[in-house]
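First comes the structure, then the notes that go with it.
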Amino acid sequence: SAMIPEIGRNNLIEQAAKYGTNTREDEIVNEFEKKLLNMFGLTRRPTPNEDMPIPRIMQHLYKAHMGDTSDGPHDLYPGWEPGFDLPSDDIASTVNTARSFHHKDEFERIEGLPDHHIRLLFNISTLPPNENLKYAELLLHREEIKQHVSLPDEDRMQRINIYEVIKFPDDDVTDTSSFDDVTEEQNRILEIVNKRRNKFGSQKMREPITRLVATRLVDTSNTTWERFDVSAETQKWLKDKNHGLVVEIVRDGDESTPAPDVTSHVRLRRDVRNENEPREWHHKRPLLLTYTHDGKETNLSRRSRKKR
Amino acid sequence: KAHRKKERKPRRKSCQRQDLYVDFSDVNWDDWIVAPHGYHAFYCNGECPFPLAEYMNATNHAIVQTLVNSVDPSLTPKPCCVPTELSPIAMLYVDECELVVLKTYQQMAVEGCGCR
């Protein structure tokens with residue numbers, strides 16, 4: 001897991017020995033390795049799983065930054081993702097890093113909210129403290145519903161509502177700001193609290209306090225990524241408790257009825273019926289993209305391809 | 001009289017940008033760097049001989065250093081051939097927390113060399 005391959009390390013130790021200082025050669029090489037890590041903004045060498053899929057959106061973002069506008073399938077850079085591109089140049093010119101976050105599946109359900117309310121909780125605590133968060137967007141992939149193409153306009157429309165979870169009724173107990181792993185102890189406490197609530201409280205009492213962040217009317221007869229600016233919420237999560245977002249999809253004009261075909265239309269949950277699901281899910285699941293700047297003089301603006 | 005062939009000294013290459021393609025698999029970094037697979041980093045190499053040609057982008061200091069070197073080479077060596085212009089590259093990689101990151105890094109590729 002070293003940044004410097006074995007053969008390189010040995011050669012550097014040899015060179016350091018010729019330099020003849022009082023410091024041990026391997027310490028000099030370790031110091032060089034630290035500089036390498038620092039250069040990349042890493043704390044240790046990454047060792048990802050071999051089969052870890054890279055979200056297509058991120059591949060697309062790289063391609064867009066490089067100014068590669070060619071279409072069509074490619075081994076490394078598949079075709080463009082509909083509805084997605086670099087953020088506007090106002091933003092891209094002030095940031096130099098983009099990170100993608102997947103939500104924690106295990107926190108999708110919130111006690112007290114209907115089934116069609118999906119909670120998206122992103123652990124952004126790993127954002128480096130020396131980077132300045134400038135912009136964040138929530139990406140939701142939705143696929144056309146083929147049967148809807150022939151429907152009249154009003155029947156094709158659905159509404160996506162995004163809420164921020166402000167507070168839980170018992171914030172101390174349901175606090176998930178440190179949600180690396182829910183311990184057995186935490187589970188036990190939650191179970192007791194929920195039992196008490198069921199005994200004494202009404203359904204209303206268990207509902208978290210939420211705030212509408214964004215709402216959008218969408219046409220179900222096309223495939224695209226829906227992008228929502230969640231910069232303010234993400235900034236808050238860096239300073240305060242992070243309870244995540246809640247997404248609901250309803251029929252237009254009938255806000256109380258969950259929209260049908262939601263699972264296959266807007267990809268908020270895994271689809272167990274689809275055999276290609278694990279891989280597809282990785283590429284189409286909700287994504288939080290954060291755009292930060294580390295103070296260095298570079299940016300993510302689209303590069304114009306140079307002719308050599 | 002037989003003509004003596006004028007012996008030509010082999011010309012040393014003067015300071016210029018040289019090709020260097022960094023392939024991330026050569027340093028075993030291809031497991032965490034997704035794209036690019038490698039990049040043209042280039043490097044600077046060559047002599048900074050007298051006279052310093054225009055393309056060598058010599059600084060005033062390099063010209064003075066050349067003058068001092070001409071008086072007594074033991075006082076100072078000739079100017080060095082170094083990068084004078086560098087450009088950033090973007091990298092798509094998986095970080096230590098298994099997050100996918102797109103980041104641009106400054107001063108990663110040599111655009112121009114000069115005598116400094």
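Here are a few things to note about the model shown:
- Pairs, first outside any loop (DSSP other than H, G, I, E, B) in the range B:44-66, second among the hydroxyl-bearing types (Ser, Thr, Tyr), C-beta under 6 Å, six or more apart: B:47/B:14; B:65/B:76
- Inside the range B:67-116, residues that are in contact (Cβ under 8 Å) with a residue 24 or more places away in the chain, β-branched (Val, Ile, Thr) and over 30 Å from residue A:136 (Cα atoms) make up a count of 3.
- Scanning the range A:104-117 for residues that are aliphatic (A, V, I, L, M) and surrounded by fewer than 21 Cβ atoms within 10 Å (Cβ to Cβ) yields a total of 1.
- Residues that are at pLDDT below 85 and facing another protein chain (nearest Cβ under 10 Å) within the range A:259-302 are absent altogether.
- Applying the criterion of being assigned to a loop (DSSP other than H, G, I, E, B) and within 21 Å of residue A:63 (Cβ to Cβ) to the residues of the range B:19-30, the residue that is farthest from the other protein chains (Cβ to nearest Cβ) is B:30.
Okay, residues lined up against (1) within 30 Å of residue A:50 (Cβ to Cβ); (2) away from chain A (no Cβ under 14 Å):
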{"residue": "B:48", "(1), (2)": "no, yes"}
{"residue": "B:59", "(1), (2)": "no, yes"}
{"residue": "B:62", "(1), (2)": "no, yes"}
{"residue": "B:70", "(1), (2)": "no, yes"}
{"residue": "B:73", "(1), (2)": "no, yes"}
{"residue": "B:86", "(1), (2)": "no, no"}
{"residue": "B:104", "(1), (2)": "yes, no"}
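- Residue satisfying all of: in the range B:67-116; in contact with a helix residue (DSSP H, G or I) (Cβ under 6 Å, 6 or more places away or on another chain) and part of a loop (DSSP other than H, G, I, E, B); surrounded by the most Cβ atoms within 10 Å (Cβ to Cβ) among these: B:79
The values are calculated or read from the model by the stated rules, or taken from the named source; none is laboratory data. Just so we're clear, the structure is a prediction, and the values are computed from it rather than from any experiment. Counting neighbours? That spans all protein chains shown, and the Cβs are built from the backbone with ideal geometry, glycine included.
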